[in-house]
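Data first, discussion second: the structure below is written as structure tokens.
The values are calculated or read from the model by the stated rules, or taken from the named source; none is laboratory data. These figures come from a predicted structure and were not determined experimentally. All Cβ positions, glycine included, derive from the backbone under ideal geometry; neighbour counts span all protein chains shown.
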Amino acid sequence: MKKIVTILALAVASICTAQTKSTGVVTLISGMTAKLDLDNATTTATLTLTGPSDRWFALAFKDSFPVVEGEPSGMGAGNDLVWYNGTTLVDAVQNGTGEEPTDDTTNNWTVVTNTEAGGVRTIVATRPFSTGDSQDFTFDYTDADIDFAAARRTTASYNLGSHGGNRDVFLNNALTETMGVGDIDQASKTKLVPNPANETFAIQSQKEIQSIKIYDMSGKQVMSTKAAANYNISNLPQGVYFVEVMRVDGQSSLEKLIKH
């Protein structure tokens, strides 16, 4: 493992404070994942949701799902949810087990990206913690975890219904404090060179690097490798990426990389 060292101060590390929380990527029912990020500085929630590209899929969230017939249920009346209708992410509310949800009068989610690759649709959308809408769940940065419920249609269609057994609840997904990209950059003084990059880039860091992971703007991991003198990104499309740098001391940093 090659140690790449640059002469940079560590003093700012002790004064940086966490401003974001994340569930990380949560694997849901077959073909679906969800990742929720909470930015306390802007009181903005960012949801990265994946599902099959040829049918509707839905995600409900709550502090604690009500118990229906002895088990936690994401279909309890009043549960806030979002579902993909073939065009966009719809803001809705549950009406109870076996009933179709009702779309909210105002859709408070803003779709940032909506992409499809290999039969998987990835949607990134944002929303304020609190919308003022009584039907919307209020995200609380102080919460330690959040419950998810997922469902998708059994067959290829965007008409609601017919999800069969393709549904489940996922309880107590931990919301773990992380640092914002800017905070981490100040704390670690990790640098990608060159940046923007075309074929390869290197990492300058005060600490020995163990491995890296690269994510696209949707939060999808596109590369993972052990530490090296240079990292080849020639096969990645042009765009903006985030490089998670894991160090041997157990710490990590998140750096923005522009690929030309």
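Observations
- Residue match in the stretch 112-125 (condition: in contact (Cβ under 8 Å) with a residue 12 or more places away in the chain, over 23 Å from the mean Cα position of the chain (by Cα) and within 23 Å of ILE29 (Cα to Cα)): no
- Applying the criterion of being over 20 Å from VAL93 (Cβ atoms) and at pLDDT below 90 to the residues of the stretch 150-180, the residue that is surrounded by the fewest Cβ atoms within 10 Å (Cβ to Cβ) is GLY165.
- Evaluation of PHE201 against (1) in a loop (DSSP other than H, G, I, E, B); (2) more than 30 Å from GLY51 (Cβ to Cβ) (one fails), failing number: (1)
- Total residues in the stretch 17-61 satisfying the condition of being under 24 Å from GLY86 (Cβ atoms) and without any contact (Cβ under 8 Å) to a residue 40 or more places away in the chain: the figure is 2.
- Residues that are assigned to a strand (DSSP E or B) and not small (Gly, Ala, Ser), drawn from the stretch 24-45: VAL26, THR27, THR33, LYS35, LEU36, ASP37, LEU38, ASP39, THR44
- Strands (runs of 3 or more DSSP E) completely within the stretch 217-260 that count 3 or more residues being in contact (Cβ under 8 Å) with a residue 40 or more places away in the chain and among the aliphatic types (A, V, I, L, M): 252-259
- Subset of the stretch 193-221 (residues that are β-branched (Val, Ile, Thr) and surrounded by 16 or more Cβ atoms within 10 Å (Cβ to Cβ)): ILE203, ILE209, ILE212, ILE214
- Filtered residue count, the stretch 123-145, keeping only those that are under 17 Å from THR20 (Cα atoms), surrounded by 18 or more Cβ atoms within 10 Å (Cβ to Cβ) and charged (D, E, K, R): 1
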